[in-house]
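Everything below concerns the one structure shown next.
Every number here is computed from the coordinates shown, using simple stated rules; none is lab data. If you're wondering where the values come from, they're calculated on a predicted model, not measured in any experiment. Here Cβ is always computed from backbone atoms with ideal geometry, including for glycine, and neighbour counts include all displayed protein chains.
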């Protein structure tokens, strides 16, 4: 019989004996219990056992400044500036200084799924995530009292490193791992005047008068590690035997380098890499570095429903969802927009002019690698969306539900440079090999409607990193 036997007809059975599981809670080596913005948290991992990198999570609760209308951003990952992992003091994973931005991009395109329970995956308006009211003017979203003081409510994973291949890491074969997590700035917060819809007096889109002094804390950070073991170290002995035969075993993961510049109509940088898999770009308004009110998602309702000028004072519920099932708001820190001159950067969100794109032409983009164009044409809006889906290997973009939302709230432009993958595929390195080459890469634009003054561009170059582990816990990192 040629070919593989279908699973429905296969009687093959594999067995691994004496597998044991346990979960461990690790406190910060610094002893920190209330960590402020721009600070670091460090954790030392065990030195034996099989670590499940995918399910190793940082858990915490949150506090914010009272009486300033503080709201936390969509997705807890936005609170993290960078994640670094060291093995015996040597850095094997350095992430990038825009970790939260990258994770938001993954959520937007659908490469990562949001968790509504521990992921803070919507913008709170009149109520918080444990049913508390933040309806009153000046009320802040905070979890440093009551339920949040006794129990951690939120979690984040280890970013790119969470998807290391193979998924289980034998900690007895490598030097002791240390995880260093740096927190984001205070400006990840939004500070709102009230929780009333846009279009009313002092709506949620209006920044609070005392926003300049707003800050937040990460309370009771703990690292939860899921660990496996097998009888009498059988797995570790088999790996050591492979090391004796080959000289090393390899771990591989995607690593995203970030290049951040003021957008002037084009952006250029150089890169050398073992395997460049993907290039992705998002544009964020330069005003996002200042705490603002809530940013509406294009298409959300206003308080003046019928346009007659009468205000009905409508509210969204504590779930953060309006009656059409759309998440109505986001923080300015995570708003990715097409860099257009029209609609103008400062256009009104109250009358919808800010996301009215049918006024002028649309910017078109093209990547150039060593002057070779990718794609061979300048991509328009539809091509930008389709190429981004191909680059991230998804069938549909997760966050935007309409073109206006894609252009105003969740825009991205990416191109694939590696073979497509399926979930059950064995890890293959197939990206563009730039090892030993200082390749020049450019992102160019064309069209009369490009805004070259009000946006920053963040370019993520996705590369494969390989960690070789040899005898005596020796390690070598190939990037």
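Quick look at the numbers
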read-out	value
Fewest-first sequence of 138, 77, 380 by Cβ atoms within 10 Å of each Cβ	380, 138, 77
Simple spin-label estimate for residue 36 and residue 136 in nanometres, 7 Å along Cα-Cβ	2.7 nm
Where labels lie 7 Å past Cα in the beta-carbon direction, separation of residue 228 and residue 23 in nm	1.6 nm
Which labelled figure in (1) 139; (2) 180; (3) 161 is volume of the Cα convex hull per residue in Å³, once derived from the coordinates	(2)
FRET efficiency, 1/(1 + (r/R0)^6) with R0 56 Å, evaluated for residue 202 and residue 245 via beta carbons	0.20
Net lengthening on full extension, residue 358/residue 433 (0.36 nm per residue, minus Cα-Cα)	22.9 nm
The chain: relative contact order as a whole-number percent, Cα under 8 Å and 6+ apart	23 percent
The chain - mean residue ellipticity at 222 nm from DSSP helices (-39,500 (n - 2.57) per run, n ≥ 4, rounded to 500)	-2500 deg cm²/dmol
Two-decimal Rg to Rh for segment 1-112 - Kirkwood Rh, Cα set	1.11
Distance between modelled label sites at residue 440 and residue 165, nm, 7 Å Cα→Cβ extension	3.4 nm
Ranked packing of 409-419, 267-277, most packed first, by mean Cβ within 10 Å	409-419, 267-277
Between segment 337-361 and segment 183-225, the alpha-carbon center distance in angstrom	24 Å
Segment 98-124-segment 21-93 distance, computed between alpha-carbon centres (Å)	16 Å
Cβ-based exposure ranking for 5, 428, in which fewest neighbours within 10 Å come first	5, 428
Backbone N within segment 433-470 under 18 Å of label point (7 Å from residue 378 Cα along the Cβ vector)	442-453
